[in-house]
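S.K.: Let me begin by handing over the structure; questions about it come next.
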Amino acid sequence: RQALGMTGKEPATRGEAKKRGGWSKWCAAEKVELAALCALQCWGYVDPSTVPKGARLYCCKYVYKQGPGCAKARLCVLGNTQGCDDYDEIFAPVCWQDSARMLCGLAARNNYAIHLVDIQNAFVNSDLDRDLYMALPPGDR
C-alpha cells in the first residue's frame, strides 16, 4: 500500500477514492478496466433517451480492490437495480471456497506447484439472449 501511495482500506465510492491518497492509481485502474471492456467489444454507447420502452436501465459503480503492488477497479452492476427475474441471468460464477481448499489440499498432497492467475474480465464473454442497458459509470458522463 505504501508503494502505491495509498493508506487504509479500499475506498467504497469514487468520491472517497478521490479524497484519499493515491487517486492517480485508482483513476488509472478505472481506465484499464474500461479499456479492457472496450477491447472485448462487449458494449457500445447508447444515448439513454433511445433505450427501448420497458427495458431496464441498470446502474453501476466501480468496486476498488488493492493487491500486492497494484490497484484494481471493477465495473459492477448495482444489485439494487436488478429485478427478482434478473438474478439468475446476470451473475459472475465463482469457485466455492471449499472447492478451492480441496484443490489446494490435493496439490499439497501430490506435491504439485500452484500458480495464481488473475484473469481480467473473465466473465464478460457470456452469451445473452437480449440486450442489456447500463448507465455510464459515475464520473464518466
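Derivation of every value follows stated rules applied to the coordinates shown; laboratory data play no part. These numbers were taken from a predicted model, which means no experiment stands behind them. Neighbour counts run over all protein chains shown; Cβ positions are idealised from the backbone, glycine included.
S.K.: Among all the lysines, which ones have a C-alpha under 30 Å from LYS25's C-alpha, if same-chain residues fewer than 8 places away are not counted?
M.R.: Cross-link targets: LYS9, LYS61, LYS65, LYS72.
S.K.: Can you give the FRET efficiency for SER24 and LEU132, using 1/(1 + (r/R0)^6), R0 = 41 Å, r = Cβ-Cβ distance, to the nearest 0.05?
M.R.: Working: r = 32 Å, r/R0 = 0.77.
Taking R0 as 41 Å, the efficiency between SER24 and LEU132 is 0.85.
S.K.: Okay, moving on. Could you rank the peptides 50-60, 103-113, 64-74 by their average count of other C-beta atoms within 10 Å per residue, with the highest value first? Intermediate values should be presented prior to the final figure.
M.R.: Working: 50-60: 11.1, 103-113: 9.5, 64-74: 15.6.
Packing proxy ranking, top to bottom: 64-74, 50-60, 103-113.
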